[in-house]
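Student: Dropping the structure in here first, questions after.
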Amino acid sequence: MSPLLFGAGLVILNLVTSARSQKTEPLSGSGDQPLFRGADRYDFAIMIPPGGTECFWQFAHQTGYFYFSYEVQRTVGMSHDRHVAATAHNPQGFLIDTSQGVRGQINFSTQETGFYQLCLSNQHNHFGSVQVYLNFGVFYEGPETDHKQKERKQLNDTLDAIEDGTQKVQNNIFHMWRYYNFARMRKMADFFLIQSNYNYVNWWSTAQSLVIILSGILQLYFLKRLFNVPTTTDTKKPRC
């Protein structure tokens, strides 16, 4: 096998592997550089093809609290089944919890440090895609720590009190942001539902109007034929 064909095969294999799953926490290419863990929270919408599965990875420390919520906003295609299945796995690959429905949540405490896997499956809908809004991440009740850094310096009582108060405010703001995301998910789902019903009513009303007009024209045509009297002549007279 030539080196050119071997290199092309590796590129195609890499593309196929990367297309099957998506990582929110990619690893760095060099061993000297620290691991890139990305952000602690994400919220976005994604389209899942018929019968397809999408997976994501989120890094979390051992002392964190993991949250994951989703809601199906709309369906595209022949089928209108909005149910999806969600699963969460720990860094070792073991199943933590599952959720199934139009919307759902998976919350748990992180018992080990590593990449946690989240998967969404559109297994109930084989003839249509679904748009799902995701909101997942990890938060920590206390100040975040990095074990690779040096120990923090001792602070006096005043600065400790200020730090505790700031941390409480930050946690409250974070939970408010989560509730806002829940409201936004529900708002978008309701918007797509109203839009779908509006289009359905318009198309159905147009079809019914055309049927009524066509039936009226046909009735008028047949009624007119009933009163159509043929002309009579000496050679052509109507039969009794």
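Student: Could you derive backbone 3J(HN,Hα) for segment 65-82 from the dihedral phi with the Karplus parameters 6.51, -1.76 and 1.60 (θ = phi - 60°), listing whole Hz in sequence and x where the residue is Gly or Pro?
Tutor: 10, 8, 10, 8, 9, 8, 7, 7, 8, 7, 10, 10, x, 6, 8, 10, 7, 9
Student: For a quick check: with amide H placed at 1.01 Å from N, whose amide H comes under 5 Å from GLY104's, ignoring anything fewer than 5 positions away on the same chain?
Tutor: Amide H neighbours of GLY104: TYR70.
Student: Would you grab the residues whose amide H sits under 5 Å from the one on GLN123? Only those 5+ places off in sequence or on another chain, please, with H modelled 1.01 Å from N.
Tutor: Excluding prolines and chain starts, which carry no amide H, the hits are ALA85.
Student: In addition: Given a 1.4 angstrom probe, what's the average accessible area per residue across segment 160-222, in square angstrom?
Tutor: Here the per-residue accessible area is 83 Å².
The values are calculated or read from the model by the stated rules, or taken from the named source; none is laboratory data. Quantities reported herein were computed from a predicted structural model and do not represent experimental measurements. Ligands, DNA and RNA are excluded from the accessible area calculation, which covers all protein heavy atoms including side chains. Shrake-Rupley method; radii C 1.70, N 1.55, O 1.52, S 1.80 Å.
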